[in-house]
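The values are calculated or read from the model by the stated rules, or taken from the named source; none is laboratory data. Everything numeric in this text was worked out from a predicted model, so none of it was measured. Because the Cβ atoms are built from the backbone with ideal geometry, glycine has one as well, and the counts that use them run over all protein chains shown. The area values use the complete protein model at the heavy-atom level, side chains included, leaving out ligands, DNA and RNA. Shrake-Rupley method; radii C 1.70, N 1.55, O 1.52, S 1.80 Å.
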Amino acid sequence: MKFFIDTANLQQIKEAQDLGVLDGVTTNPSLMAKEGISGDDNVINHYKAICGIVDGDVSAEVISTKYEEMITEGERLAALDSKIVVKVPMIKDGIKAIKYFSQKGIKTNCTLVFSAGQALLAAKAGATYVSPFIGRLDDISVDGLGLIEEIREIYDNYGFQTQILAASVRHSTHILGCAKIGADVMTGPLSAILSLLKHPLTDSGLAQFLADYENVKQK
Ligand code: G3P
């Protein structure tokens, strides 16, 4: 399973990249706003900076909701770097835009997916990635990981090549659930990735190893 980081924070992207387990980055307009990035030129420069840090795919979301405008915006984003994946919302014009981009060989990520039907439509349109938001489903008491299972089954039934990118991942249990089900990618904050490191027996075991080493050294 590929690990993407879901942030526009350059420091956090660098930290995840330095860890050696990062396969890509996802952003969205809210994450860009959180970093204070606004205005066309600043947004474009920020995407270029992200592409300069990571080796894998970088999702850059269109702001337009009309087909023609999505095409113009998406083509401009895709021209920035071969790592750019044009992130398109799950709306009627978005599906048409995904079909267009897919025929042009431009990578896409269909975002704001909350049902298996939406995921089926995204795959039919030729999306490279589909992003079901599992954390936000859990927030409204709907089983987010259950949706990943449903999409996995449907895609496997028909051999769809669209990659399941589990988004809105909040913690290690989500990551492990995605890995067990067979999601292709998960995207989450740095904290969720780093939480995989944690186990109290690792901490106490290491403390004991180091204490034993020091005891012998002092004798
Ligand atoms: O990038 C989309 C998604 O991962 C958002 O996550 O935590 O805002 O629900 P969250």
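The charge dipole of the range 2-218, taken about its Cα centre with unit charges on the Cβ of Lys, Arg, Asp and Glu (plus for the first two, minus for the last two), comes to roughly 380 debye.
Between the listed residues 11, 71, 27, the Cα displaced farthest toward the positive end of the dipole of the chain, a dipole computed from Cβ unit charges relative to the Cα centre, is found at 71. In plain terms, the chain from residue 103 to residue 179 could stretch by 24.3 nm, reckoned as 0.36 nm per residue minus the Cα-Cα distance. Once the Cβ-Cβ distance of residue 40 and residue 161 is raised to the sixth power relative to R0 = 30 Å, the FRET efficiency obtained is 0.40. Rolling a 1.4 Å probe over the protein chains gives residue 147 an accessible area of about 10 Å². Averaging the sequence gap over all C-alpha pairs within less than 8 Å and six or more residues apart, then dividing by the number of residues, gives the chain a relative contact order of 17 percent. Think of a 1.4 Å ball rolled over the protein heavy atoms: the range 24-122 then has 46 Å² of accessible area per residue.
Mean projected area of the Cα convex hull of the chain, taken over all directions, amounts to 14.3 nm².
Working ranking of peptides 198-206, 180-188, 33-41 by packing, defined as the average number of other Cβ atoms within 10 Å per residue, highest first, is 180-188, 33-41, 198-206. With R₀ fixed at 35 Å, the C-beta to C-beta distance from residue 211 to residue 55 puts the FRET efficiency at about 0.35. The listed peptides 22-28, 117-123, ordered by packing as a protection proxy, come out as 22-28, 117-123 (highest mean of other Cβ atoms within 10 Å first). Step through the table entries 48/87; 14/66; 34/66; 34/99; 14/83, compare each Cα-Cα distance with 27 Å, and write down the pairs that go over it. Listed pairs above 27 Å: 14/66; 34/99.
Carbon-plus-sulfur accessible fraction, the range 2-218 (probe radius 1.4 Å, protein heavy atoms only): 53%.
Heavy-atom accessible area, probed at 1.4 angstrom with all protein chains present, ranks 145, 190 as 145, 190, highest first. Within the range 60-95, what residues put their amide N at less than 20 Å from the label point 7 Å along the Cα-to-Cβ vector of residue 140? Correct set: 88-95. At an R0 of 45 angstrom, the distance between the Cβ atoms of residue 196 and residue 67 translates into a FRET efficiency of 0.65.
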